1. Out of everything in the range B:88-131 that is within 7 Å of another protein chain (Cβ to nearest Cβ) and polar (S, T, N, Q), what residue ends up being surrounded by the most Cβ atoms within 10 Å (Cβ to Cβ)?
2. Taking the range A:41-59 as the region of interest, how many residues are in a helix (DSSP H, G or I) and more than 23 Å from the chain's Cα centre (by Cα)?
3. Given the criterion within 25 Å of B:Ala164 (Cβ to Cβ), at pLDDT below 90 and of a type in the set (Asp, Glu), identify the matching residue among B:Asp40, B:Asp56, B:Asp28.
4. Can you give me the ranges of the helices (runs of 4 or more DSSP H) entirely in the range B:63-130 with at least 3 residues that are over 21 Å from A:Ala224 (Cβ atoms) and either in contact with a helix residue (DSSP H, G or I) (Cβ under 7 Å, 6 or more places away or on another chain) or not acidic (Asp, Glu) (or both)?
5. Regarding the range B:61-75, can at least one residue be identified that is at pLDDT 90 or above and crowded, with 19+ Cβ neighbours inside 10 Å?
6. Of all residues in the range B:60-112, count the ones that are farther than 19 Å from B:Val160 by Cβ, over 19 Å from the mean Cα position of the chain (by Cα) and among the hydrophobic types (A, V, I, L, M, F, W, C).
7. Mind telling me which of the residues A:Ser359, A:Ser341 ends up being modelled with pLDDT under 90, under 30 Å from A:Ile206 (Cα atoms), surrounded by fewer than 19 Cβ atoms within 10 Å (Cβ to Cβ) and within 14 Å of chain B (Cβ to nearest Cβ)?
8. Within the range A:225-235, track down each residue that is assigned to a helix (DSSP H, G or I) and free of Cβ contacts under 8 Å to residues at least 40 places away in the same chain.
Amino acid sequence: MSVDTPTKPTAPAETAPRPNMMARVGSALGAQAMQIVLVWLAIIAIFAVLSPDAFFDPNNFRNIAISVSILAVLGVGTTFIIITGGIDLSMGSVLVFSGVVSSMAMGNVGEGQGWLSALVGIIVALTSGLAWGTLNGFLVAKAKVPAMIVTLGTFGAALGLAQVLTGGIDRRDVPDVLVDTVGFGDVFGIPTLVIVASLIVIAGIILLKRSRFGLHTAAVGSNAEACRRVGINVDRQLIKVYALAGGLAGLAGLLNLTFFRSTTIAGHSLTNLDVIAGVVIGGTSLFGGIGTVFGTVIGLLIPATLRNGFVILGVQPYWQQVVVGAFLVAAVYSDQLRRASSSRGGGGRPNLFHRLFNSKRKDS
Amino acid sequence: MSIEPIYEARNIVRNFGSVQALQGANFDVRPGEVSALIGDNGAGKSTLVRILAGADQPNSGELFFQGQPISLGNPTDARSRGIETVFQDLALANHLDPIQNMYLGRELMKPGLLGRMGFMQTSEMREVGRVAFNDLGATVRNFTGPVGGMSGGQRQAIAVARAAAWAKNVIFLDEPTAALGVVQTKGVLDLIRRIKDKGIAVVLISHSMPHVLEVSDRVHVMRQGKRVAVLNSKDTSVEELVGAMTGALDGKEAA
């Protein structure tokens, strides 16, 4: 296909770029990701008022950040998948499986200690995650099996294989160097886990917002047929997205292993739901086409902050599940409203309508 | 007009099982001309356009582009020759903005390593895309909002302008005014005239006789899988077109 530019201009552009920038800022403020930030800040404010000393302890924020790190790595991949209109239920099992094979590999290299062993473990974990992700993507894109069924299948299969490989007993082979630097390491006082997760999140934001890969991910989720018509290889894009998410689940498996010093085989049966809830609370539409990695991070921070705050206040932490459940339903409800208002269109002024509508909701 | 056709179909036959959608259909369009393609439901218009756009392949018959015989395996083959098509579903990605839709699948990449890493020349695309829309008078007011939130007329204009921005030679418009109100229809018809003025051949598929007569230079009438008449818009009338479509005027016209 020849690449060229549209026919050259003869008339000057009427609209100046400046109001456009303003419009961009305006729509950014109106975006659901920003509203969810306000919700999060409100939660922080409430806990801060009720228990200022304990809540604003730097160690407390450190704990919240660490607890979100591994979920955030999974959340980046899941955001991409949900933007394509798909879903991934398999990530918790892929995480466990990757941890298991990585631990087994590290146990067999250099007597389970040292950087060589660590490097082998990292490569094995990432490769394992990529392989599961590619399998998911291939089945979704080529075999046309619904993503929910494909990943429900690999959810069971990956966990089952992990149990077959270990006999159901958690392995603990992790090189000390990896635990000391990654699992419990600090760089300038910031936990390495948080740094790794932040780098993945920033890379995810750039990839989604700025790259052609991110644009095509949203386009495929928005209208796959339109993508095929303009020559985008939709199947390949889907496989890449699922492979990316799988690779990140592999990385999360490694992080999990270095933090818990265990493969935590039984500990991730609900991780997928936690992550999907975070992605959805963060404003990514389950119907595809739209979403942000930044929103996902906030969507994951809200449950973590609630759990933390309830513990500090002495409220039963189980209440966190109740509140998060309500948030989840509210997030999807607001997505429904948003989709209804944008498809209503009418009069070519949806933006104004949209913004009034959104700000009204913010006030309530 | 004695200009050579830029795109021509001869004796196109297309069967779907026992249904003969096209039975030796001919078609031609000249540069800078609006050719309307009309016919009753089932006359074979859509099948013919799909074949001309590369979305379907004929059982037999020939296509000539700029005088040379060609075969189109897929829509990309057609697009690489500067032939664009706007189907009725518009094929817009609703969550993307007009500029992103215009460049979808044809993004301008940054030069060098950044480009290979997948980064695009976003501001360049914004500028050129904006000018291309304005140039066609596509009256797109909001370049950064998702097209899903825009009116039917706006979306139609965006889809047509996108095709026009890339079409160097021929553009097919399948029922571009079918779902539009009076004002929006006028906008799209104006858009068609501007595309024509750029020297691009426009093929307009429509059920609306008045619109066809208003904007086209020639009208090709299809019936039962064949082109049964080619009429100059200046010299014909709605009655004559309907007659040719329904067969009431059989024998009077030769294709």
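1. B:Gln100
2. 12
3. B:Asp56 is the lone residue from the list that is within 25 Å of B:Ala164 (Cβ to Cβ), at pLDDT below 90 and of a type in the set (Asp, Glu).
4. B:112-116
5. Checking the range B:61-75: at least one residue is at pLDDT 90 or above and crowded, with 19+ Cβ neighbours inside 10 Å.
6. 2
7. Being modelled with pLDDT under 90, under 30 Å from A:Ile206 (Cα atoms), surrounded by fewer than 19 Cβ atoms within 10 Å (Cβ to Cβ) and within 14 Å of chain B (Cβ to nearest Cβ) holds for just one of A:Ser359, A:Ser341, which is A:Ser341.
8. Those that are assigned to a helix (DSSP H, G or I) and free of Cβ contacts under 8 Å to residues at least 40 places away in the same chain: A:Glu225, A:Ala226, A:Cys227, A:Arg228, A:Arg229.
The values are calculated or read from the model by the stated rules, or taken from the named source; none is laboratory data. This is a predicted model, so every value here is computed, not measured. Positions of Cβ are generated from backbone atoms using ideal geometry, with glycine treated the same way; all protein chains shown enter the neighbour counts.
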